[in-house]
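A quick write-up on the structure given underneath.
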Amino acid sequence: MTSKLKTDVLETVSGSGTIALTNQLSGMTHASVPSGSVLQVTNNTRVLNEDITTTSASFVDTTLITGVITPVSAGSKIAVCITGFVPHVNATNNRGVVWQMFKSVNGGTYVKVTAGDLDGGFYQDADGSWYDITGICSVFDTPTYTLGQAINYKLYFRKDHANAGGAYINHRGGLLQGGATTISPSITMTEIKG
């Protein structure tokens with residue numbers, strides 16, 4: 001015969017302290033948690049010290065880092081965040097850089113994640129200065145996939161429309177010179193139950 005325990009509050013005899021769980025609960029799987037629950041988090045980090053630049057007016061792969069996640073539940077959402085890159089602009093040749101997150105499902109063609117034209121960027125007006133900033137890109141994806149298929153995420157970039165020269169998504173000048181010569185870009189994917 002199966003027994004049921006129904007309670008609103010579970011306390012120790014004294015009303016304080018912790019309750020020891022001597023046996024694991026069974027039946028708790030990703031299928032039994034409610035929508036909106038975090039199912040898994042994956043991360044990839046690497047160390048690099050090279051400039052990453054392009055003269056392309058169309059989006060190209062930054063080659064910065066690739067994130068991979070294989071969803072454990074059907075219909076999940078994926079929150080993707082990449083940090084640790086150093087975009088660079090200057091008023092003479094590299095006046096703007098924009099970036100966008102792309103994805104590939106099960107080894108397919110990379111396509112942009114969001115519906116907009118870009119997910120971030122940096123532009124310098126002609127005041128004669130140059131700047132490095134700390135880059136970040138965060139998107140929320142609703143991918144179409146079959147269970148068992150891996151989803152890869154990469155950051156793409158291009159020069160800005162008014163850019164006379166190229167664009168830097170990672171720049172070794174400024175922030176990355178002197179004693180600090182390497183940077184560690186990191187990409188994190190969080191699967192959220194749909």
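The values are calculated or read from the model by the stated rules, or taken from the named source; none is laboratory data. Nothing here was measured: the structure is a model prediction, and the numbers come from that model. As a convention, Cβ positions derive from the backbone with ideal geometry for all residues, glycine included, and neighbour counts pool all protein chains shown.
Tell me which residues, restricted to segment 61-86, are loosely packed, with under 15 Cβ neighbours inside 10 Å and among the aliphatic types (A, V, I, L, M).
Once the filter is applied, which keeps residues that are loosely packed, with under 15 Cβ neighbours inside 10 Å and among the aliphatic types (A, V, I, L, M), segment 61-86 yields Val68, Ala74.
Assuming Pro34 fulfils every condition listed in (1) modelled with pLDDT under 95; (2) of a type outside the set (Gly, Ala, Ser); (3) within 18 Å of Tyr156 (Cα to Cα) apart from one, which condition is it?
(3)
Quick check on my filter: what residues within segment 75-100 are aliphatic (A, V, I, L, M) and touching a Leu at 6+ places or on another chain (Cβ under 6 Å)? Spell out the reasoning first.
The initial filter retains those residues of segment 75-100 that are aliphatic (A, V, I, L, M), namely 78-80, 82, 86, 89, 91, 97-98.
Ile82, Val86, Val98, listed by residue number.
Quick check: anything in segment 120-136 of a type in the set (A, V, I, L, M, F, W, C), more than 23 Å from Thr181 (Cα to Cα), surrounded by fewer than 19 Cβ atoms within 10 Å (Cβ to Cβ) and out of contact with any Phe, Trp or Tyr (no Cβ under 8 Å at 6 or more places or on another chain)? Show your work before the answer.
The first filter runs over segment 120-136 and keeps only residues of a type in the set (A, V, I, L, M, F, W, C), leaving 122, 126, 130, 133, 136.
From what's left, more than 23 Å from Thr181 (Cα to Cα): 126.
Those left that are additionally surrounded by fewer than 19 Cβ atoms within 10 Å (Cβ to Cβ): 126.
Those still in the list that are out of contact with any Phe, Trp or Tyr (no Cβ under 8 Å at 6 or more places or on another chain) too: 126.
Among the residues of segment 120-136, at least one is of a type in the set (A, V, I, L, M, F, W, C), more than 23 Å from Thr181 (Cα to Cα), surrounded by fewer than 19 Cβ atoms within 10 Å (Cβ to Cβ) and out of contact with any Phe, Trp or Tyr (no Cβ under 8 Å at 6 or more places or on another chain), which makes the answer yes.
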